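Engineer: Below is a structure I'd like to ask you about.
The values are calculated or read from the model by the stated rules, or taken from the named source; none is laboratory data. These figures come from a predicted structure and were not determined experimentally. Virtual Cβ from ideal backbone geometry, glycine too; neighbours counted across all protein chains shown.
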Amino acid sequence: MFRIILGCVLTLGATMSAAAQDHSAHAQHQPQGAHSQHAEHSEHEGHAAHHQHHHTDKLVLAETGAAVENPFHPVRLLLSSEESMGEVTIYEFILPPQSPGSPPHTHSQEDEYFYVLEGTLDILSDGSVKRISDGDFAALKRGNAHMFWNGSDTETQLLMITTGASFEQFLQSVSPRLAEEKPTSPEAAGAVIGQLAAEHGIEISMDMMPAAAAPYYAPPEPE
């Protein structure tokens with residue numbers, strides 16, 4: 001069976017090669033104008049193929065997809081900015097019970113959108129603390145300080161969408177930067193992350209931490 005398949009492949013290859021040679025010979029006898037039209041048509045097909053490649057459908061099944069290594073919480077990449085032609089990045093976030101999400105921060109280059117799939121999510125928005133739950137949606141826009149965490153006793157699962165590609169680049173860079181810098185304390189790690197965030201237009205403002213969220217961001221007690 002393998003020889004039959006291989007023979008078919010070789011025969012097909014030879015046929016295609018001969019056809020290509022005939023096409024090349026025919027092209028050599030075409031007038032210059034025809035060559036120009038053919039080149040323009042080929043260029044157009046190339047652009048169309050490139051455009052189609054980035055607009056192919058994508059199906060991500062439950063518990064599949066690319067895990068994003070980070071020191072915060074489990075993150076699964078569902079759609080990259082490259083796959084959306086630079087428009088959005090879509091993640092699944094899972095926050096364990098009584099756990100931090102992000103510190104207070106302000107974006108200058110992207111908007112963030114949260115849709116809660118399961119559990120509850122505490123957010124800082126417009127200077128006040130709010131709790132949203134299953135089926136709720138929050139649009140946290142650039143230029144406005146916000147944060148999120150899970151202050152409940154159950155796990156929270158949500159979709160997180162950011163516009164553009166800058167935040168995706170930031171999140172992908174956190175673990176490599178920490179591995180490179182090798183901070184020796186939580187404070188030092190926070191400084192590394194703060195510097196990296198600033199490089200991507202994200203300003204962290206710990207002075208805006210609400211009292212309700214502070215216990216989840218306190219450094220661990222020394223052993």
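Engineer: State whether the residues of segment 66-74 include one that is at pLDDT 95 or above and either more than 18 Å from T163 (Cα to Cα) or part of a strand (DSSP E or B) (or both).
Structural biologist: Within segment 66-74 (the criterion being at pLDDT 95 or above and either more than 18 Å from T163 (Cα to Cα) or part of a strand (DSSP E or B) (or both)), the answer is no, since none of the residues qualifies.
Engineer: Still on this structure, please answer the following. Only one of T89, T106 is under 26 Å from A213 (Cβ atoms), in contact with a Gly (Cβ under 7 Å, 6 or more places away or on another chain), among the hydroxyl-bearing types (S, T, Y) and at pLDDT 90 or above. Can you tell me which? Break it down stepwise before answering.
Structural biologist: Numbers: T89 fails: in contact with a Gly (Cβ under 7 Å, 6 or more places away or on another chain).
Exactly one of T89, T106 is under 26 Å from A213 (Cβ atoms), in contact with a Gly (Cβ under 7 Å, 6 or more places away or on another chain), among the hydroxyl-bearing types (S, T, Y) and at pLDDT 90 or above, namely T106.
So that you can scan it fast, the table gives a plain yes or no per residue for (1) crowded, with 16+ Cβ neighbours inside 10 Å; (2) touching a helix residue (DSSP H, G or I) at 6+ places or on another chain (Cβ under 9 Å); (3) under 28 Å from A191 (Cβ atoms):
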position	(1), (2), (3)
E69	no, yes, yes
L95	yes, no, yes
P104	yes, yes, yes
F114	yes, no, yes
L121	yes, no, yes
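Engineer: Taking into account only those residues within segment 81-93 that are out of contact with any helix residue (DSSP H, G or I) (no Cβ under 6 Å at 6 or more places or on another chain) and surrounded by 17 or more Cβ atoms within 10 Å (Cβ to Cβ), which is farthest from D57 (Cα to Cα)?
Structural biologist: The initial filter retains those residues of segment 81-93 that are out of contact with any helix residue (DSSP H, G or I) (no Cβ under 6 Å at 6 or more places or on another chain), namely 82-88, 90-93.
With surrounded by 17 or more Cβ atoms within 10 Å (Cβ to Cβ) added as a condition, the list becomes 83-84, 88, 90-93.
Details: E83: 9, S84: 10, V88: 15, I90: 15, Y91: 17, E92: 18, F93: 22 Å.
Selected residue: F93.
Engineer: State yes or no: is I193 surrounded by 15 or more Cβ atoms within 10 Å (Cβ to Cβ) and under 22 Å from the mean Cα position of the chain (by Cα)?
Structural biologist: On the way: surrounded by 15 or more Cβ atoms within 10 Å (Cβ to Cβ): yes; under 22 Å from the mean Cα position of the chain (by Cα): yes.
When the stated conditions are applied, I193 passes them.
Engineer: Go over the candidates A165, A218, A213, A197 one by one and state the one that is closer than 13 Å to P100 by Cβ and touching a residue at least 40 places away in the same chain (Cβ under 8 Å).
Structural biologist: Sole residue among the options that is closer than 13 Å to P100 by Cβ and touching a residue at least 40 places away in the same chain (Cβ under 8 Å): A213.
Engineer: Output yes when any residue across segment 202-209 is over 22 Å from H107 (Cα atoms), loosely packed, with under 13 Cβ neighbours inside 10 Å and either out of contact with any Ser or Thr (no Cβ under 9 Å at 6 or more places or on another chain) or touching a residue at least 60 places away in the same chain (Cβ under 8 Å) (or both), and no when none is.
Structural biologist: Of all residues in segment 202-209, those over 22 Å from H107 (Cα atoms) come to none.
No, there is no match, as no residue in segment 202-209 is over 22 Å from H107 (Cα atoms), loosely packed, with under 13 Cβ neighbours inside 10 Å and either out of contact with any Ser or Thr (no Cβ under 9 Å at 6 or more places or on another chain) or touching a residue at least 60 places away in the same chain (Cβ under 8 Å) (or both).
Matching residues to (1) in contact with a Leu (Cβ under 7 Å, 6 or more places away or on another chain); (2) part of a loop (DSSP other than H, G, I, E, B); (3) modelled with pLDDT under 90:
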| site | (1), (2), (3) |
| --- | --- |
| M160 | no, no, no |
| F170 | yes, no, no |
| P176 | no, no, no |
| E180 | no, no, no |
| P183 | no, yes, no |
| A188 | no, no, no |
| L196 | no, no, no |
| A211 | no, yes, no |
| A218 | no, yes, yes |
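Engineer: Could you check segment 82-119 and list, in sequence order, the residues that are assigned to a loop (DSSP other than H, G, I, E, B), hydroxyl-bearing (S, T, Y) and more than 12 Å from the chain's Cα centre (by Cα)?
Structural biologist: S108
Engineer: Under 9 Å by Cβ, and 6 or more places apart or on different chains, what pairs join a residue from segment 173-192 that is touching a residue at least 12 places away in the same chain (Cβ under 8 Å) and among the hydroxyl-bearing types (S, T, Y) with one that is in a helix (DSSP H, G or I) and surrounded by 10 or more Cβ atoms within 10 Å (Cβ to Cβ)?
Structural biologist: S173/L196; S173/E199
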